[in-house]
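> Below you will find the structure I want to go over with you.
The values are calculated or read from the model by the stated rules, or taken from the named source; none is laboratory data. These numbers come from a predicted model, not from an experiment. Note that each Cβ is placed from the backbone with ideal geometry, even for glycine, and that neighbours are counted across all protein chains shown.
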Amino acid sequence: MMKLTMLEFFGGIGAPRRALERLNLDFQVLDYVEIDKFAVKSYNAIYGENYEPQDIREWDKDLKADIIFHGSPCQDFSQAGRGAGGEKQSLTRSSLLWETVRIVETVMPKLIIWENVASVLGKNHKPVVDDYLETLENLGYHSQVLKLNAKDYGIPQNRKRVFIISKLGVPVTLDLSPLELDKTLQDFLESNVDEKFNLTSNLKQYINSQQAGNYVVSASRLVLNRPIASTISTRTGRNRADCSDYISEDFSVNENVAGVDLVPYTIRRLTPRECWRLQGFDDASFNRAEQVCSNSQLYKQAGNSIVVDVLCHLFKALEVNNSPNYLYRDTPSP
């Protein structure tokens, strides 16, 4: 039986590869393209590879693949960025998505998946998406635009992302109904966490007064109210679980701990391991990456990654299996 083949562009720590592995599929990554040397180190450590950093602008290899997966840079689409966008020839980081299109014109894979932040569908950036869709349509691809949230597919993280699925010559009509979430943030937390992740008293006081950021609050007299993490960020200081997710047993139901130091408790950052867990990576993968990268890089890699559980459900909906021939079929009726 022929193996399914894939090109991973802007590959990060290999969430698409991890999803296909979790589904026990027989596949081969023909090439992995990532310019961040630390992400490449983690990828190599996790998957036993020996890749070097690659600039997609210089990629010109004679390879044919069934799938191209590209999670191109989001900074210029993100609400946290400056909104520079990703128009053709704009030379922004997000405009690198057009390098994938350049490669598609030669490789002509059966399936293309583009992942990016939800704001690509906002009025400022929608013209880029429309241009992308029109370009692929002219090449013979049919596309479907999906907005998926990690909390709807098994991970307690409020992380909305856009996935554009494009099939060569075949319509795409996927129906990814949300699943009931049976896990909470607490299921992903470590039991013993180094005190270096705790905030100082001054920062704790500021968070209480401002209700800013994402934190984990730890105390025997605090109980969980909204057990879903906010979006994992690339920045170390942003990886926290929201203070407003916690209330005190000693006060009325809706009274919040913000601004009131009711009892001795700590507020801490999520650890890098917890961030990786909330992206769907197991501890074995994290352990390998931890051997070659610092915490700051591990935080960044988690924030840049795609949630593996979401990809598993997406690949299942696409009926990805061990035969590349599946890619010629339309998706089944619900």
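> Being β-branched (Val, Ile, Thr) and either buried (at least 22 other Cβ atoms within 10 Å of the Cβ) or on the phi > 0 side of the Ramachandran plot (or both) is the filter here, so list the residues in the range 278-325 that pass it.
Ile306, Val307, Val308, Val310, Val320
> Just a yes or no: is a residue in the range 192-204 farther than 28 Å from Ile13 by Cβ, in a loop (DSSP other than H, G, I, E, B), modelled with pLDDT of 65 or more and of a type in the set (Ser, Thr, Tyr)?
Within the range 192-204, one or more residues are farther than 28 Å from Ile13 by Cβ, in a loop (DSSP other than H, G, I, E, B), modelled with pLDDT of 65 or more and of a type in the set (Ser, Thr, Tyr).
> I've got another one for you. Name the residues in the range 104-118 that are crowded, with 20+ Cβ neighbours inside 10 Å and more than 13 Å from Asp66 (Cα to Cα), would you?
Selection gives Trp114, Glu115, Asn116, Val117.
> Within the set of pairs 6+ apart or on separate chains, which have a first residue in the range 24-45 that is within 17 Å of Asn295 (Cβ to Cβ), a second that is buried (at least 19 other Cβ atoms within 10 Å of the Cβ) and of a type in the set (Ser, Thr, Tyr), and C-beta atoms under 9 Å apart?
Short answer, once both residue conditions are applied: Ser42/Ser285; Ala45/Ser285.
> Identify the single condition in (1) under 15 Å from Ser42 (Cα atoms); (2) assigned to a helix (DSSP H, G or I); (3) modelled with pLDDT of 95 or more that Cys293 does not satisfy, given that it satisfies every other one.
The number of the failed condition is (2).
> Given the condition over 20 Å from Leu318 (Cβ atoms) and modelled with pLDDT under 85, answer yes or no: does some residue in the range 139-158 qualify?
So far as the range 139-158 goes, no, none of its residues is over 20 Å from Leu318 (Cβ atoms) and modelled with pLDDT under 85.
Per-residue answers, yes or no, for (1) touching a residue at least 24 places away in the same chain (Cβ under 8 Å); (2) under 29 Å from Leu185 (Cβ atoms); (3) in contact with a Lys or Arg (Cβ under 6 Å, 6 or more places away or on another chain):
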| residue | (1), (2), (3) |
| --- | --- |
| Ile103 | yes, no, no |
| Thr106 | no, no, no |
| His125 | yes, no, no |
| Val129 | yes, no, no |
| Tyr141 | yes, no, no |
| Gln144 | yes, no, no |
| Ala150 | yes, yes, yes |
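Condition check ((1) hydrophobic (A, V, I, L, M, F, W, C); (2) under 29 Å from Ala118 (Cα atoms); (3) assigned to a strand (DSSP E or B)) across all residues:
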residue: Phe38; (1), (2), (3): yes, yes, no
residue: Lys41; (1), (2), (3): no, yes, no
residue: Glu49; (1), (2), (3): no, no, no
residue: Asp62; (1), (2), (3): no, no, no
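Quick grid of which residues meet (1) buried (at least 16 other Cβ atoms within 10 Å of the Cβ); (2) β-branched (Val, Ile, Thr); (3) in the same structural domain as Ser72 (by TED's automatic domain parsing); (4) in contact with a helix residue (DSSP H, G or I) (Cβ under 7 Å, 6 or more places away or on another chain):
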{"residue": "Gly140", "(1), (2), (3), (4)": "no, no, yes, no"}
{"residue": "Asn149", "(1), (2), (3), (4)": "yes, no, yes, no"}
{"residue": "Asp152", "(1), (2), (3), (4)": "yes, no, yes, no"}
{"residue": "Gly169", "(1), (2), (3), (4)": "no, no, yes, no"}
{"residue": "Val172", "(1), (2), (3), (4)": "yes, yes, yes, no"}
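> Filter the range 3-27 for residues that are in a loop (DSSP other than H, G, I, E, B) and surrounded by fewer than 22 Cβ atoms within 10 Å (Cβ to Cβ); which is nearest to the chain's Cα centre (by Cα)?
For the range 3-27, the residue satisfying everything is Leu23.
> Among Tyr32, Tyr43, Tyr51, which is within 17 Å of Ser285 (Cβ to Cβ), of a type in the set (Phe, Trp, Tyr) and more than 19 Å from the chain's Cα centre (by Cα)?
Tyr51
Listed here are the residues, each with its yes/no results for (1) in contact with an Asp or Glu (Cβ under 7 Å, 6 or more places away or on another chain); (2) modelled with pLDDT of 95 or more.
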position	(1), (2)
Leu4	yes, no
Asp26	no, no
Asp31	no, yes
Ile35	yes, no
Ala39	no, yes
Tyr43	yes, yes
Ile46	no, yes
Asn50	no, yes
Glu58	no, no
